[in-house]
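As structure tokens, the structure follows; a few thoughts come after it.
FYI, it's all coordinate maths here, none of it is from the lab. Here the structure is a predicted model, which is why all the values come from computation and not from measurement. Cβ placement follows ideal geometry from the backbone for every residue including glycine, while neighbour counts extend to all protein chains displayed.
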Amino acid sequence: MATTADRAACEAMSGNSGTSWIYGGAARGLSLALACGLSGLILFLPTVVFGGQGELNHNLLMLIMWGVAAGFVHGVGFVPRTPLLRLALGPYAAWILMAGGGLWLWLE
């Protein structure tokens with residue numbers, strides 16, 4: 001039997017909801033592209049995440065990785081059932097954390 005969260009997720013993905021654009025192809029492609037780009041940058045150029053003194057800020061790196069994980073979750077089309085996970089792994093959290101992390105990497 002489908003729950004309310006299942007129905008809301010299905011409506012959002014089918015376009016019957018006011019928030020359907022966020023689950024559309026362009027938004028998912030953006031999330032996936034940002035997640036791939038930021039994770040590739042961290043994987044192939046790890047010196048980018050070190051500060052001027054060669055120190056690593058683990059707290060900010062953790063937030064970047066959370067944003068990358070949320071970007072992959074949204075980018076591949078997964079919609080969590082529980083509201084807390086939908087908030088933590090949704091596109092808004094992904095975009096804010098990845099943009100903030102990318103800005104932090106660029107400014108350092």
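Suppose R0 equals 30 Å. What FRET efficiency, 1/(1 + (r/R0)^6) with r the Cβ-Cβ distance, do Trp104 and Ser20 give to the nearest 0.05?
0.40
Just grab the label-to-label distance for Thr82 and Leu30, each label 7 Å out from Cα along the Cβ direction, in nm (one decimal).
Taking the simple label geometry, Thr82 and Leu30 are separated by 2.8 nm.
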